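Enquirer: I have a structure I would like to understand better, so I am pasting it below and will then ask my questions one at a time.
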Amino acid sequence: MTSKFTQLLFLSDSDIVCGLVCAGLSEFILFARKSDVRLISLDVEDRTDVVVPLTGLRGVVAVDWDRRTDDVYWSDVTGNSVSRACWDGTRQQV
């Protein structure tokens, strides 16, 4: 089965949130909120968001996921960097 991705941009009074929706074998929304990256599974009824355990995030504005390596990527404008890590926060690197 081929996964389909849709980029999202949410605007609120205090935040701009960038997100990614993955539809395929597993459906989820991955999104960034400046100081964290979060995940909402669409495969379960409880749509509670879960924080991906990453450190040193200050100005995350974009997020992506590599389905081949299962790595999460994000850009941080405050740190002027692009980083990646596993879902569990291990192997985090700039």
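The values are calculated or read from the model by the stated rules, or taken from the named source; none is laboratory data. No experiment lies behind these values; they were computed from the predicted model shown. For neighbour counting, all protein chains shown are included, and Cβ atoms are generated from backbone atoms with ideal geometry for every residue, glycine included.
Enquirer: Within segment 47-61, can you find the residues that are assigned to a strand (DSSP E or B) and surrounded by 17 or more Cβ atoms within 10 Å (Cβ to Cβ)?
Expert: If the condition is that a residue be assigned to a strand (DSSP E or B) and surrounded by 17 or more Cβ atoms within 10 Å (Cβ to Cβ), then Val52, Val60 are the ones that fit.
Enquirer: Inspect all residues belonging to segment 55-71 and state whether any of them is aliphatic (A, V, I, L, M) and at pLDDT below 85.
Expert: Within segment 55-71 (the criterion being aliphatic (A, V, I, L, M) and at pLDDT below 85), the answer is no, since none of the residues qualifies.
Enquirer: Would you pick out the residues in segment 62-94 that are in a loop (DSSP other than H, G, I, E, B), hydroxyl-bearing (Ser, Thr, Tyr) and touching a residue at least 12 places away in the same chain (Cβ under 8 Å)?
Expert: Residue satisfying the conditions is Thr78 alone.
Enquirer: For segment 12-46, which positions are exposed (fewer than 12 other Cβ atoms within 10 Å of the Cβ) and modelled with pLDDT of 80 or more?
Expert: Glu45, Asp46 - these are the residues of segment 12-46 that are exposed (fewer than 12 other Cβ atoms within 10 Å of the Cβ) and modelled with pLDDT of 80 or more.
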